[in-house]
Amino acid sequence: MSDSRKIAVKSLQNIIQNKVFLSEIKDNFGDNAGFLNMLLLTALRHLTYIKKIIKKYSDKKIPNKFAFTEYAIILAVTEILYLDTPDYAAINSYVDLAKKENNKFIGGFANAILRKVAGNKEQHIKEDKGELFSDEFIKILRTDYDNKTIKEIEKAALIEPALDLSVK
């Protein structure tokens, strides 16, 4: 499963940093395509809120050279809060990946953040208001839509489709 998680981290990094569509990289998913698709889509749906949680537990911005670990933390939080993965499994897997890809110090940093998130899991789930859009994007939307309409668009976008059809 850690190979799948490594693929997920690199895919999320590629999606966010290089602005690549998920559909363009799905072919690299192999046997765990269902899990990876669900994990990445869930992370992207809740990215704004997940980043707020991480910022709450970290005074420092993660340096660019440790970007892999930043995306690993995002996916670990996704699994802890939204995918019913046992906390210890998500934490251990992603911390091990961070140590292998970067170093043991950034792995310890990731471990500290993830343990705090897991310790306050119920509180974070309750506080999730379904924020999909970043503040910058909301400013753009406000030129054409009122706040009520923007909230309705966010709610609609956060609904997970009942069926996911992928065409080869």
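The values are calculated or read from the model by the stated rules, or taken from the named source; none is laboratory data. Please read all numbers here as calculations on a predicted model, not as lab measurements. When we count neighbours, we look across all protein chains shown, and the Cβ atoms used for this are built from the backbone with ideal geometry, even at glycine. Heads up: the accessible areas ignore ligands, DNA and RNA and are worked out on the full protein's heavy atoms, side chains in. Shrake-Rupley method; radii C 1.70, N 1.55, O 1.52, S 1.80 Å.
For Phe66, the requirement of being assigned to a helix (DSSP H, G or I), at negative phi, free of Cβ contacts under 8 Å to residues at least 60 places away in the same chain and open to solvent by 60 Å² or more (accessible area, probe 1.4 Å) is not met. Listed by position, the helices (runs of 4 or more DSSP H) inside region 101-168 whose residues that are under 20 Å from Leu40 (Cα atoms) and out of contact with any Lys or Arg (no Cβ under 8 Å at 6 or more places or on another chain) number at least 1 are 104-119, 121-127, 147-158.
For region 101-122, the set of residues classified as closer than 17 Å to Ile62 by Cα, loosely packed, with under 14 Cβ neighbours inside 10 Å and at pLDDT 90 or above consists of Ala112 only. Test Ser4 against the criterion of being more than 18 Å from Arg115 (Cβ to Cβ), at pLDDT below 90 and of a type outside the set (D, E, K, R), and give yes or no. The answer is yes for Ser4. Only one of the numbered conditions (1) open to solvent by 90 Å² or more (accessible area, probe 1.4 Å); (2) touching a residue at least 24 places away in the same chain (Cβ under 8 Å) is not met by Leu158, and that is (1).
Selection over region 80-90 of residues that are part of a helix (DSSP H, G or I), under 14 Å from the mean Cα position of the chain (by Cα) and of a type outside the set (Ser, Thr, Tyr) gives a count of 3. For region 16-55, the set of residues classified as open to solvent by less than 20 Å² (accessible area, probe 1.4 Å) and free of Cβ contacts under 8 Å to residues at least 40 places away in the same chain consists of Ile25, Phe29, Leu36, Leu40, Ala43, Ile50, listed by residue number.
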